[in-house]
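Please treat every number below as a calculation from the coordinates, not as lab data. Here the structure is a predicted model, which is why all the values come from computation and not from measurement. Using ideal geometry, Cβ is built from the backbone for each residue, glycine included, and neighbour counts are taken over all protein chains shown.
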Amino acid sequence: MNSRQVAILLWLVSATLSFSVFACDSKLRGTGDLGVVVEREQGNLLVVENSTDTVLCRVKGLGDLSHASAVFSRDARFAFIFGRDGGLTKVDLLTGKIVKRVIQGGNSIGGAVSQDGSLIAVSNYVPGGIKVFSSEDLSLVADIVAAYKGSPEGSKTVGLVDAPGNKFIFSLFEGGATWVADFSNGPQPEITKFKAIGKQPYDALISGDGRYYIAGLFGEDGLAMLDLWQQEKGVRRILPDYGRGHEILPVYKMPHLEGWAVAGDLIFLPAIGLHQVLVVDKSSWEQVGRIELKGQPVFAMVQPDSRQVWVNFAYPDNNWIQVIDVHSLKVVKTLDVGKGALHMEFAPRGEKVWISVRDEDRIKVYDTEDYSLLKTLDAHKPSGIFFTNRAAKIGL
């Protein structure tokens, strides 16, 4: 064998070895049907595939994941995990390895990726404020202190989302404000502050088209809405009857606003402290109906075809899932999936839904057409489920 043949052989061996670790199950694959499932108590992440409903591998060492969330890079190869211990972790879904991990705060509550994919923003309870990092190497780009009148050290920040134009939007829990941080001109953001939006905004969402930012208010009735196409008009109060009301109601778990379901011209949102989903006309922002349910709803999530809305519940009714038909506005199916049904995630085209069942250490996959149980997967105290099709969606 001459030197040229040896060189070619060595190159082929090297290429084969590099491809053998390209995916965490040693197979070459795309990322369009991948996702992650949080194992909250062990600080682990499962890398999963939703085409074959399989777990590919387990990634360990992500810290406190008791209230963890995830976003994805533009190419859907990397997941960025936000942990309750302030950890920000970049995970390679193909190799099943941690690329980098930083402790950026004391208690983080979620994050977002910028429109161009270059920035990762993290929302913090402790020390408060927003920190923004390079998605490439997790180096710090900006530290935004959420100071407000009477509190220079800053407020807890909630409801952090990405918006068109390389903007991040978030609200100040103690400060009662919404801020827009514009990174379109570089690493020093231009910040627009909307003050006195209401008492104690606790979470928020942005509409799928990136136009409306809506913050829920824990301390008073109604919600605060900012129209990003008409920012000069300021924040408007909508749905004045939505919220805790004047009667003190026991709230076992706050609804997650990111789980609001938008189906055509209707919005379905969980009512705080009530066994109801409220139906809202998106064009007028007026309530047009209420749907009675088995318990206090947490997530109301719409199937990708917008035909049905799936709802899960707070304790003690967290073994139930109810399905609402959008056309008739009626509950058409009630499923007992097991105790601790915390999160749902639809396959990108909506033919299946994955449900984490924490107290059974299971993930259950259901057919959305006939509601049959398709598969059960083992997982240790699973909670959040996030599929990579979120990478192409605003606010997710």
Sorted by Cβ density within 10 Å, fewest first, the residues Val126, Val302: Val126, Val302
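By its C-alpha gyration tensor, with a ≥ b ≥ c as the square roots of the eigenvalues, how is the chain shaped: rounded for a/c under 1.5, else prolate for a/b larger than b/c, else oblate? Don't skip to the end; give the middle numbers.
On the way: a/c = 1.95, a/b = 1.29, b/c = 1.52.
It is oblate, given that a/c is not under 1.5 and a/b is not larger than b/c.
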The chain: angle of helix 3-20 to the longest principal axis, Cα-based, in degrees nearest 10: 30 degrees
Cβ-placed point charges (K, R +1; D, E -1), dipole of the chain about Cα centre in debye, nearest 20: 620 debye
Other-chain or far-sequence residues with amide H under 5 Å of Lys100's (modelled H): Lys90
Dipole-positive endmost among Gly186, Val357, Tyr213 within the chain (Cβ charges, Cα centre): Gly186
Selection from Phe82, Thr95, Ser114 lying farthest towards where the dipole of the stretch 56-120 points positive, charges on Cβ: Thr95
Residue exposure sequence - Asp317, Asp137, Asp227 - by fewest surrounding Cβ within 10 Å: Asp137, Asp227, Asp317
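Which FRET efficiency, nearest 0.05, do Lys149 and Thr52 yield, Cβ-Cβ r, R0 45 Å?
0.25
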Karplus 3J(HN,Hα) series, Hz, for the stretch 42-59 with 6.51 cos²θ - 1.76 cosθ + 1.60 (x for Gly, Pro): 9, x, 10, 10, 8, 8, 10, 10, 8, 6, 10, 6, 10, 8, 8, 6, 10, 9
Residue of Phe313, Phe218, Phe299 that the Gaussian network model of the chain assigns the largest fluctuation, springs spanning Cα pairs under 10 Å: Phe218
Neighbour-count ranking [beta-carbon atoms within 10 angstrom, fewest first] of Leu293, Leu93, Leu138: Leu138, Leu293, Leu93
Normalised contact order of the chain, rounded percent, pairs of Cα under 8 Å and 6 or more residues apart: 11 percent
Global form of the stretch 80-165, assessed from the alpha-carbon gyration tensor, a/c cut-off 1.5: prolate
